[in-house]
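Have a look at the structure below, then the notes.
The values are calculated or read from the model by the stated rules, or taken from the named source; none is laboratory data. Owing to the predicted nature of the structure, the values given are computational and were not obtained by experimental measurement. All Cβ positions, glycine included, derive from the backbone under ideal geometry; neighbour counts span all protein chains shown. Remember, those area values only see protein heavy atoms, side chains included, never the ligands or the DNA or RNA. Shrake-Rupley method; radii C 1.70, N 1.55, O 1.52, S 1.80 Å.
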Amino acid sequence: MLAQPSSSAILLPELPSGLLRDKGEARELFLQHGLPQRGSPAAERWKYTPLGKVAQTRLYLAHKEKGWSERVAERIAKARVAKARVAKPSVAKPSVAKPSVAKPSVAKSVADRPVADRPVADRLSEIDLFPDASLLLFVDGRLQERCHARTPEVTPYAGLPRVASDQPLAALNVGSHCEAWRVVLDETTPFVHALFLTTEPNKSISSQSSSQPSSLPLLQTRLRIEAVSGSTTFVQTFDEVNPCWSNDLIELEVAEGAHLEHVVLQRRSKDSCGFSRTTARVGEKSSYAHISALRGEGLTRQEVSVALEGVDASCKLHGAYRTEGKGHIDNDTEIFHNRAHGTSDALYKGVLEDKGRGVFHGKIFVAPEAQETQGYQMSRALLLSERAQAYHKPELEIYADNVKCSHGATIGALDEEQLLYLRSRGIVRARAEEILLQAFVAEALHCQRKDCAEALQSHMQSEQPRRA
(Lines give C-alpha, C1' and ligand atoms only; values in the text may rest on other atoms or scores of the structure.)
Protein backbone atom coordinates (compact mmCIF):
# COMPACT_ATOMS: atom_id res chain seq x y z
CA MET A 1 0.00 0.00 0.00
CA LEU A 2 1.06 3.59 -0.61
CA ALA A 3 2.59 5.16 2.48
CA GLN A 4 0.55 8.00 3.90
CA PRO A 5 2.11 11.47 4.22
CA SER A 6 3.19 12.33 7.72
CA SER A 7 1.04 15.46 7.88
CA SER A 8 -2.24 14.74 9.60
CA ALA A 9 -3.83 17.62 7.69
CA ILE A 10 -3.88 15.61 4.45
CA LEU A 11 -6.73 13.16 3.88
CA LEU A 12 -5.95 10.21 1.62
CA PRO A 13 -7.62 6.84 1.12
CA GLU A 14 -5.31 3.84 1.39
CA LEU A 15 -4.14 3.30 -2.18
CA PRO A 16 -2.71 0.18 -3.85
CA SER A 17 1.07 0.16 -4.19
CA GLY A 18 2.28 1.00 -7.68
CA LEU A 19 -0.93 2.81 -8.59
CA LEU A 20 0.57 6.28 -9.02
CA ARG A 21 3.21 7.11 -11.59
CA ASP A 22 6.78 7.56 -10.41
CA LYS A 23 6.81 11.11 -11.75
CA GLY A 24 4.23 13.62 -12.86
CA GLU A 25 2.64 16.88 -11.86
CA ALA A 26 -0.77 15.26 -11.27
CA ARG A 27 0.71 12.68 -8.88
CA GLU A 28 2.44 15.36 -6.84
CA LEU A 29 -0.70 17.49 -6.83
CA PHE A 30 -2.78 14.68 -5.37
CA LEU A 31 -0.22 13.73 -2.75
CA GLN A 32 0.27 17.36 -1.77
CA HIS A 33 -3.40 18.27 -1.30
CA GLY A 34 -5.12 14.92 -0.79
CA LEU A 35 -8.89 14.90 -0.51
CA PRO A 36 -10.50 18.34 -0.18
CA GLN A 37 -10.99 19.67 3.33
CA ARG A 38 -11.08 22.97 5.18
CA GLY A 39 -8.28 25.23 4.03
CA SER A 40 -7.55 23.34 0.79
CA PRO A 41 -7.99 24.95 -2.67
CA ALA A 42 -11.11 22.85 -3.33
CA ALA A 43 -12.68 23.34 0.11
CA GLU A 44 -15.60 25.53 -0.98
CA ARG A 45 -16.79 23.32 -3.84
CA TRP A 46 -16.50 20.16 -1.72
CA LYS A 47 -17.92 21.73 1.43
CA TYR A 48 -20.91 19.38 1.78
CA THR A 49 -19.38 16.19 0.37
CA PRO A 50 -18.77 13.70 3.24
CA LEU A 51 -15.15 12.75 2.65
CA GLY A 52 -14.35 11.44 6.11
CA LYS A 53 -15.68 7.99 5.23
CA VAL A 54 -13.95 8.11 1.85
CA ALA A 55 -10.59 8.74 3.51
CA GLN A 56 -11.06 5.64 5.67
CA THR A 57 -11.44 3.37 2.64
CA ARG A 58 -8.80 0.81 1.67
CA LEU A 59 -8.65 0.58 -2.11
CA TYR A 60 -7.33 -2.33 -4.16
CA LEU A 61 -7.00 -2.92 -7.88
CA ALA A 62 -9.62 -5.11 -9.55
CA HIS A 63 -8.03 -8.42 -10.45
CA LYS A 64 -9.71 -11.28 -12.27
CA GLU A 65 -8.42 -14.60 -13.45
CA LYS A 66 -7.11 -14.47 -17.01
CA GLY A 67 -9.87 -14.05 -19.58
CA TRP A 68 -12.62 -13.09 -17.11
CA SER A 69 -13.53 -9.76 -18.72
CA GLU A 70 -13.36 -11.32 -22.17
CA ARG A 71 -15.80 -14.07 -21.18
CA VAL A 72 -18.26 -11.54 -19.78
CA ALA A 73 -17.97 -9.49 -22.98
CA GLU A 74 -18.48 -12.59 -25.13
CA ARG A 75 -21.63 -13.47 -23.20
CA ILE A 76 -23.01 -9.96 -23.74
CA ALA A 77 -22.21 -10.12 -27.47
CA LYS A 78 -23.91 -13.53 -27.86
CA ALA A 79 -26.93 -12.37 -25.90
CA ARG A 80 -27.23 -9.34 -28.18
CA VAL A 81 -27.25 -11.57 -31.26
CA ALA A 82 -29.83 -13.90 -29.69
CA LYS A 83 -31.98 -10.94 -28.71
CA ALA A 84 -31.88 -9.62 -32.27
CA ARG A 85 -32.98 -13.00 -33.64
CA VAL A 86 -35.91 -13.17 -31.23
CA ALA A 87 -37.00 -9.73 -32.35
CA LYS A 88 -37.44 -10.96 -35.95
CA PRO A 89 -40.96 -12.15 -36.91
CA SER A 90 -41.23 -15.93 -36.89
CA VAL A 91 -43.68 -18.27 -38.64
CA ALA A 92 -45.84 -20.29 -36.26
CA LYS A 93 -45.38 -24.04 -36.50
CA PRO A 94 -47.78 -26.71 -35.26
CA SER A 95 -46.68 -28.13 -31.97
CA VAL A 96 -45.77 -31.80 -31.80
CA ALA A 97 -45.94 -33.63 -28.50
CA LYS A 98 -42.59 -35.07 -27.48
CA PRO A 99 -41.76 -37.38 -24.64
CA SER A 100 -40.49 -35.47 -21.67
CA VAL A 101 -36.82 -35.82 -20.82
CA ALA A 102 -35.48 -35.05 -17.37
CA LYS A 103 -33.34 -31.92 -17.43
CA PRO A 104 -31.06 -30.53 -14.75
CA SER A 105 -32.61 -27.91 -12.51
CA VAL A 106 -32.34 -24.40 -13.96
CA ALA A 107 -31.95 -22.97 -10.47
CA LYS A 108 -28.97 -25.23 -9.89
CA SER A 109 -27.29 -24.31 -13.17
CA VAL A 110 -27.71 -20.62 -12.41
CA ALA A 111 -26.44 -21.06 -8.88
CA ASP A 112 -23.34 -22.80 -10.21
CA ARG A 113 -22.26 -19.62 -11.98
CA PRO A 114 -20.00 -17.16 -10.17
CA VAL A 115 -21.96 -14.65 -8.07
CA ALA A 116 -20.87 -11.69 -10.16
CA ASP A 117 -21.57 -13.59 -13.38
CA ARG A 118 -25.25 -14.32 -12.73
CA PRO A 119 -26.60 -10.77 -13.10
CA VAL A 120 -24.69 -10.28 -16.36
CA ALA A 121 -26.32 -13.36 -17.88
CA ASP A 122 -29.75 -13.05 -16.30
CA ARG A 123 -30.39 -9.30 -16.55
CA LEU A 124 -29.39 -8.44 -20.10
CA SER A 125 -32.61 -6.53 -20.73
CA GLU A 126 -31.80 -4.29 -17.77
CA ILE A 127 -28.13 -3.86 -18.65
CA ASP A 128 -28.22 -3.41 -22.43
CA LEU A 129 -30.87 -0.70 -22.60
CA PHE A 130 -30.14 0.38 -26.17
CA PRO A 131 -29.71 -2.66 -28.48
CA ASP A 132 -29.78 -0.43 -31.57
CA ALA A 133 -26.77 1.62 -30.43
CA SER A 134 -23.13 0.97 -31.19
CA LEU A 135 -21.77 -0.63 -28.02
CA LEU A 136 -18.60 0.18 -26.10
CA LEU A 137 -18.40 -2.32 -23.24
CA PHE A 138 -16.20 -1.73 -20.19
CA VAL A 139 -15.90 -4.58 -17.68
CA ASP A 140 -14.26 -3.58 -14.39
CA GLY A 141 -12.73 -0.55 -16.08
CA ARG A 142 -11.36 -2.46 -19.09
CA LEU A 143 -12.57 -1.88 -22.65
CA GLN A 144 -13.53 -5.10 -24.47
CA GLU A 145 -12.45 -5.09 -28.12
CA ARG A 146 -14.74 -7.94 -29.18
CA CYS A 147 -17.85 -5.81 -28.65
CA HIS A 148 -16.88 -3.19 -31.22
CA ALA A 149 -19.23 -4.20 -34.02
CA ARG A 150 -20.61 -1.02 -35.64
CA THR A 151 -18.72 1.14 -33.15
CA PRO A 152 -16.86 4.40 -33.68
CA GLU A 153 -13.10 4.67 -34.07
CA VAL A 154 -11.50 3.81 -30.71
CA THR A 155 -7.73 4.01 -30.13
CA PRO A 156 -5.47 4.16 -27.05
CA TYR A 157 -4.94 7.70 -25.79
CA ALA A 158 -1.62 8.80 -24.35
CA GLY A 159 -2.48 12.43 -23.64
CA LEU A 160 -2.43 13.72 -20.06
CA PRO A 161 -4.82 16.62 -19.42
CA ARG A 162 -3.75 19.33 -17.01
CA VAL A 163 -5.64 19.46 -13.74
CA ALA A 164 -6.00 22.33 -11.27
CA SER A 165 -5.23 22.26 -7.57
CA ASP A 166 -8.96 22.16 -6.76
CA GLN A 167 -9.44 18.90 -8.73
CA PRO A 168 -7.76 16.28 -6.52
CA LEU A 169 -9.59 13.21 -7.83
CA ALA A 170 -8.98 14.23 -11.43
CA ALA A 171 -5.32 14.44 -10.43
CA LEU A 172 -5.54 10.90 -9.00
CA ASN A 173 -6.93 9.65 -12.31
CA VAL A 174 -4.31 11.40 -14.45
CA GLY A 175 -1.50 10.41 -12.11
CA SER A 176 -2.52 6.75 -12.04
CA HIS A 177 -2.00 3.79 -14.30
CA CYS A 178 -5.44 3.34 -15.87
CA GLU A 179 -6.88 2.71 -19.33
CA ALA A 180 -7.27 5.78 -21.54
CA TRP A 181 -9.11 5.75 -24.87
CA ARG A 182 -9.81 8.19 -27.69
CA VAL A 183 -13.26 7.91 -29.28
CA VAL A 184 -14.07 9.72 -32.55
CA LEU A 185 -17.72 10.47 -33.35
CA ASP A 186 -19.11 11.69 -36.68
CA GLU A 187 -22.21 11.40 -38.87
CA THR A 188 -21.62 7.64 -39.24
CA THR A 189 -22.05 7.11 -35.47
CA PRO A 190 -25.37 8.76 -34.57
CA PHE A 191 -25.98 6.61 -31.47
CA VAL A 192 -23.29 5.16 -29.18
CA HIS A 193 -23.78 3.36 -25.85
CA ALA A 194 -20.88 3.06 -23.37
CA LEU A 195 -21.83 0.38 -20.84
CA PHE A 196 -19.75 0.13 -17.65
CA LEU A 197 -20.10 -3.16 -15.76
CA THR A 198 -18.68 -3.71 -12.28
CA THR A 199 -18.32 -7.41 -11.53
CA GLU A 200 -15.32 -7.35 -9.16
CA PRO A 201 -16.38 -8.89 -5.81
CA ASN A 202 -15.56 -6.60 -2.89
CA LYS A 203 -14.03 -7.88 0.31
CA SER A 204 -17.28 -8.41 2.24
CA ILE A 205 -17.95 -4.95 3.60
CA SER A 206 -20.79 -6.19 5.78
CA SER A 207 -18.52 -8.67 7.57
CA GLN A 208 -15.79 -6.18 8.31
CA SER A 209 -15.35 -4.76 11.78
CA SER A 210 -16.53 -1.19 12.18
CA SER A 211 -13.04 -0.31 13.43
CA GLN A 212 -11.47 -1.55 10.19
CA PRO A 213 -11.48 0.52 6.99
CA SER A 214 -13.79 -0.65 4.20
CA SER A 215 -12.15 -2.37 1.25
CA LEU A 216 -13.39 -1.51 -2.24
CA PRO A 217 -12.07 -2.19 -5.74
CA LEU A 218 -10.71 0.94 -7.42
CA LEU A 219 -11.98 1.36 -10.99
CA GLN A 220 -10.70 4.24 -13.11
CA THR A 221 -11.27 5.08 -16.77
CA ARG A 222 -10.19 8.05 -18.85
CA LEU A 223 -11.88 8.89 -22.16
CA ARG A 224 -11.24 11.55 -24.76
CA ILE A 225 -14.30 11.94 -27.00
CA GLU A 226 -14.04 13.99 -30.20
CA ALA A 227 -17.27 14.92 -32.00
CA VAL A 228 -15.84 15.98 -35.36
CA SER A 229 -19.05 16.31 -37.40
CA GLY A 230 -22.74 15.46 -37.51
CA SER A 231 -25.06 14.91 -34.57
CA THR A 232 -24.44 12.10 -32.05
CA THR A 233 -26.11 10.83 -28.91
CA PHE A 234 -23.52 9.30 -26.55
CA VAL A 235 -25.00 7.37 -23.61
CA GLN A 236 -23.18 6.17 -20.49
CA THR A 237 -24.83 3.62 -18.22
CA PHE A 238 -23.39 2.02 -15.10
CA ASP A 239 -24.39 -1.36 -13.69
CA GLU A 240 -22.98 -2.33 -10.30
CA VAL A 241 -23.05 -5.97 -9.26
CA ASN A 242 -20.95 -5.16 -6.19
CA PRO A 243 -19.96 -1.89 -4.46
CA CYS A 244 -16.88 -0.16 -5.84
CA TRP A 245 -14.86 3.07 -5.73
CA SER A 246 -14.89 4.59 -9.23
CA ASN A 247 -13.10 7.67 -10.48
CA ASP A 248 -13.66 8.56 -14.15
CA LEU A 249 -12.39 11.43 -16.26
CA ILE A 250 -13.91 12.42 -19.62
CA GLU A 251 -12.58 15.06 -22.03
CA LEU A 252 -14.90 16.16 -24.84
CA GLU A 253 -14.09 18.21 -27.91
CA VAL A 254 -17.04 19.35 -30.04
CA ALA A 255 -15.76 20.65 -33.37
CA GLU A 256 -17.23 23.51 -35.39
CA GLY A 257 -20.75 22.69 -36.55
CA ALA A 258 -20.96 19.41 -34.60
CA HIS A 259 -23.65 18.53 -32.07
CA LEU A 260 -23.25 16.12 -29.17
CA GLU A 261 -25.86 14.92 -26.67
CA HIS A 262 -24.31 13.19 -23.67
CA VAL A 263 -26.69 11.10 -21.53
CA VAL A 264 -25.70 9.54 -18.18
CA LEU A 265 -27.68 6.95 -16.18
CA GLN A 266 -26.14 5.92 -12.89
CA ARG A 267 -27.19 4.23 -9.67
CA ARG A 268 -24.90 3.71 -6.69
CA SER A 269 -25.33 0.93 -4.14
CA LYS A 270 -25.10 1.58 -0.41
CA ASP A 271 -21.34 1.23 0.08
CA SER A 272 -20.19 2.59 -3.28
CA CYS A 273 -18.36 5.84 -3.98
CA GLY A 274 -18.52 7.27 -7.49
CA PHE A 275 -16.66 10.33 -8.75
CA SER A 276 -16.64 11.65 -12.31
CA ARG A 277 -15.40 14.78 -13.99
CA THR A 278 -16.43 15.77 -17.52
CA THR A 279 -14.80 18.68 -19.34
CA ALA A 280 -16.06 19.90 -22.72
CA ARG A 281 -14.79 22.44 -25.24
CA VAL A 282 -17.46 23.58 -27.69
CA GLY A 283 -16.54 25.18 -31.01
CA GLU A 284 -18.23 27.76 -33.23
CA LYS A 285 -21.91 27.11 -34.03
CA SER A 286 -21.72 23.84 -32.12
CA SER A 287 -23.79 22.49 -29.25
CA TYR A 288 -23.25 20.20 -26.32
CA ALA A 289 -25.94 18.77 -24.02
CA HIS A 290 -25.25 16.83 -20.82
CA ILE A 291 -28.35 15.10 -19.38
CA SER A 292 -28.00 12.93 -16.29
CA ALA A 293 -30.20 10.77 -14.07
CA LEU A 294 -28.46 9.87 -10.81
CA ARG A 295 -29.80 7.91 -7.87
CA GLY A 296 -28.86 5.51 -5.11
CA GLU A 297 -27.77 5.01 -1.51
CA GLY A 298 -24.05 5.55 -2.02
CA LEU A 299 -21.88 8.63 -2.50
CA THR A 300 -21.98 10.21 -5.96
CA ARG A 301 -20.22 13.35 -7.12
CA GLN A 302 -20.55 14.51 -10.72
CA GLU A 303 -18.55 17.46 -12.04
CA VAL A 304 -19.30 18.99 -15.45
CA SER A 305 -17.23 21.88 -16.82
CA VAL A 306 -18.03 23.37 -20.24
CA ALA A 307 -16.09 26.05 -22.12
CA LEU A 308 -17.89 27.74 -25.03
CA GLU A 309 -14.87 28.59 -27.18
CA GLY A 310 -16.60 29.56 -30.43
CA VAL A 311 -19.07 32.24 -31.51
CA ASP A 312 -22.70 31.06 -31.38
CA ALA A 313 -21.77 28.02 -29.29
CA SER A 314 -24.36 26.61 -26.89
CA CYS A 315 -24.66 24.09 -24.10
CA LYS A 316 -27.38 22.50 -21.98
CA LEU A 317 -26.68 20.94 -18.61
CA HIS A 318 -29.78 19.20 -17.28
CA GLY A 319 -30.04 16.59 -14.58
CA ALA A 320 -32.32 14.84 -12.12
CA TYR A 321 -31.22 13.00 -9.00
CA ARG A 322 -32.93 10.93 -6.32
CA THR A 323 -31.43 9.71 -3.07
CA GLU A 324 -32.33 6.60 -1.12
CA GLY A 325 -31.47 5.82 2.50
CA LYS A 326 -28.41 7.88 3.45
CA GLY A 327 -27.42 8.51 -0.15
CA HIS A 328 -25.46 11.63 -1.10
CA ILE A 329 -25.53 13.11 -4.62
CA ASP A 330 -23.42 16.13 -5.49
CA ASN A 331 -23.69 18.03 -8.81
CA ASP A 332 -20.98 20.59 -9.53
CA THR A 333 -21.20 22.55 -12.80
CA GLU A 334 -19.18 25.28 -14.49
CA ILE A 335 -20.02 27.07 -17.74
CA PHE A 336 -17.45 29.44 -19.26
CA HIS A 337 -18.71 31.85 -21.92
CA ASN A 338 -15.51 32.86 -23.70
CA ARG A 339 -16.94 34.14 -27.02
CA ALA A 340 -19.89 36.27 -28.12
CA HIS A 341 -23.46 35.10 -28.78
CA GLY A 342 -23.17 32.03 -26.59
CA THR A 343 -26.17 30.47 -24.84
CA SER A 344 -26.32 28.13 -21.86
CA ASP A 345 -29.10 26.47 -19.90
CA ALA A 346 -28.48 24.65 -16.60
CA LEU A 347 -31.38 22.95 -14.80
CA TYR A 348 -31.11 20.39 -11.97
CA LYS A 349 -33.94 18.83 -10.00
CA GLY A 350 -33.57 16.63 -6.95
CA VAL A 351 -35.83 14.31 -4.94
CA LEU A 352 -34.42 13.62 -1.47
CA GLU A 353 -35.83 10.82 0.66
CA ASP A 354 -35.04 9.39 4.10
CA LYS A 355 -31.68 10.81 5.29
CA GLY A 356 -30.55 11.69 1.78
CA ARG A 357 -28.51 14.76 0.96
CA GLY A 358 -28.40 16.62 -2.35
CA VAL A 359 -25.90 19.33 -3.32
CA PHE A 360 -25.83 21.64 -6.32
CA HIS A 361 -22.97 24.07 -6.91
CA GLY A 362 -23.22 25.85 -10.25
CA LYS A 363 -21.25 28.70 -11.79
CA ILE A 364 -21.67 30.75 -14.97
CA PHE A 365 -18.63 32.79 -16.02
CA VAL A 366 -18.89 35.43 -18.76
CA ALA A 367 -15.63 36.80 -20.20
CA PRO A 368 -15.33 40.48 -21.26
CA GLU A 369 -15.41 39.54 -24.97
CA ALA A 370 -18.50 37.34 -24.58
CA GLN A 371 -21.04 40.03 -25.43
CA GLU A 372 -24.70 39.18 -26.08
CA THR A 373 -24.44 36.06 -23.94
CA GLN A 374 -27.56 34.38 -22.59
CA GLY A 375 -27.16 32.18 -19.53
CA TYR A 376 -29.81 30.51 -17.38
CA GLN A 377 -29.27 28.47 -14.24
CA MET A 378 -31.83 26.93 -11.87
CA SER A 379 -31.76 24.22 -9.22
CA ARG A 380 -34.83 22.84 -7.45
CA ALA A 381 -35.21 20.16 -4.80
CA LEU A 382 -38.08 18.38 -3.06
CA LEU A 383 -37.59 17.11 0.48
CA LEU A 384 -39.71 14.02 1.20
CA SER A 385 -38.46 13.62 4.76
CA GLU A 386 -37.74 15.91 7.68
CA ARG A 387 -34.25 14.37 7.82
CA ALA A 388 -33.41 15.01 4.17
CA GLN A 389 -31.08 17.91 3.33
CA ALA A 390 -30.47 20.07 0.26
CA TYR A 391 -27.71 22.62 -0.34
CA HIS A 392 -27.72 24.90 -3.38
CA LYS A 393 -25.19 27.53 -4.38
CA PRO A 394 -25.69 29.09 -7.84
CA GLU A 395 -23.11 31.70 -8.92
CA LEU A 396 -22.74 34.30 -11.67
CA GLU A 397 -19.42 35.96 -12.54
CA ILE A 398 -19.96 38.46 -15.35
CA TYR A 399 -17.38 40.77 -16.98
CA ALA A 400 -19.40 41.75 -20.08
CA ASP A 401 -22.03 44.50 -20.09
CA ASN A 402 -24.48 43.26 -22.77
CA VAL A 403 -25.74 39.94 -21.41
CA LYS A 404 -28.91 38.25 -20.17
CA CYS A 405 -28.12 35.95 -17.27
CA SER A 406 -30.15 34.66 -14.34
CA HIS A 407 -29.90 32.07 -11.60
CA GLY A 408 -32.10 30.74 -8.84
CA ALA A 409 -32.72 27.94 -6.38
CA THR A 410 -35.77 26.54 -4.59
CA ILE A 411 -36.22 23.89 -1.90
CA GLY A 412 -39.65 22.69 -0.84
CA ALA A 413 -42.04 19.78 -0.32
CA LEU A 414 -44.83 18.19 -2.33
CA ASP A 415 -47.90 20.37 -2.77
CA GLU A 416 -50.67 19.03 -0.53
CA GLU A 417 -53.36 20.63 -2.70
CA GLN A 418 -52.10 18.74 -5.75
CA LEU A 419 -52.03 15.53 -3.71
CA LEU A 420 -55.58 16.17 -2.55
CA TYR A 421 -56.72 16.70 -6.13
CA LEU A 422 -55.25 13.35 -7.26
CA ARG A 423 -56.57 11.49 -4.24
CA SER A 424 -60.05 12.90 -4.84
CA ARG A 425 -59.89 11.08 -8.20
CA GLY A 426 -59.43 7.74 -6.45
CA ILE A 427 -55.61 7.59 -6.62
CA VAL A 428 -53.93 6.28 -3.48
CA ARG A 429 -51.47 8.64 -1.80
CA ALA A 430 -48.31 6.66 -2.67
CA ARG A 431 -49.25 6.60 -6.35
CA ALA A 432 -50.25 10.27 -6.29
CA GLU A 433 -46.87 11.21 -4.82
CA GLU A 434 -45.02 9.27 -7.50
CA ILE A 435 -47.06 10.96 -10.26
CA LEU A 436 -46.11 14.39 -8.91
CA LEU A 437 -42.45 13.42 -8.50
CA GLN A 438 -42.21 12.15 -12.08
CA ALA A 439 -43.83 15.33 -13.36
CA PHE A 440 -41.36 17.35 -11.28
CA VAL A 441 -38.21 15.77 -12.77
CA ALA A 442 -39.55 15.39 -16.33
CA GLU A 443 -38.53 18.91 -17.38
CA ALA A 444 -34.87 18.10 -16.72
CA LEU A 445 -34.88 14.85 -18.72
CA HIS A 446 -35.81 15.92 -22.25
CA CYS A 447 -33.69 14.24 -24.95
CA GLN A 448 -33.54 14.22 -28.73
CA ARG A 449 -34.12 10.48 -28.82
CA LYS A 450 -37.38 9.10 -27.49
CA ASP A 451 -35.80 5.87 -26.21
CA CYS A 452 -33.27 7.85 -24.18
CA ALA A 453 -35.97 10.06 -22.67
CA GLU A 454 -38.00 6.98 -21.72
CA ALA A 455 -34.95 5.31 -20.17
CA LEU A 456 -34.21 8.42 -18.10
CA GLN A 457 -37.80 8.65 -16.87
CA SER A 458 -37.88 4.95 -16.02
CA HIS A 459 -34.57 5.22 -14.19
CA MET A 460 -35.99 7.90 -11.88
CA GLN A 461 -39.14 5.98 -10.94
CA SER A 462 -39.40 4.53 -7.46
CA GLU A 463 -39.25 0.74 -7.33
CA GLN A 464 -41.30 0.66 -4.13
CA PRO A 465 -44.19 3.00 -3.31
CA ARG A 466 -43.61 5.35 -0.44
CA ARG A 467 -45.55 4.79 2.75
CA ALA A 468 -48.88 6.56 2.91
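Data for the structure
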{"item": "Cross-link pairs beyond the 32 Å C-alpha cut-off, checked among 47/285; 53/393; 270/363; 285/393; 53/363; 285/450", "result": "47/285"}
{"item": "Probe 1.4 Å - accessible area at residue 417, Å² to nearest ten", "result": "150"}
{"item": "Point-charge dipole on Cβ atoms (K/R +1, D/E -1) for the stretch 225-355, about Cα centre, debye to 20", "result": "360"}
{"item": "Distance between modelled label sites at residue 53 and residue 177, nm, 7 Å Cα→Cβ extension", "result": "3.1"}
{"item": "Rounded Å value of the spacing that divides the Cα centres of the stretch 390-425 and the stretch 150-178", "result": "35"}
{"item": "Relative packing of 358-365, 443-450, 374-381, which averages over residues the other C-beta atoms within 10 Å, highest first", "result": "358-365, 374-381, 443-450"}
{"item": "Fully extended contour minus Cα-Cα distance, from residue 421 to residue 457, at 0.36 nm per residue", "result": "10.6 nm"}
{"item": "Tensor-based shape of the stretch 315-468 (alpha-carbon gyration tensor, a/c under 1.5 rounded, otherwise prolate or oblate)", "result": "prolate"}
{"item": "With all protein chains modelled, accessible area of residue 398 [1.4 Å, Å²]", "result": "70"}
{"item": "Accessible-area ranking of 415, 332, 186, largest first, probe 1.4 Å", "result": "415, 186, 332"}
{"item": "Net +/- balance of residues flanking residue 413 in space, Cβ distance below 11 Å, scoring K and R +1, D and E -1", "result": "-4"}
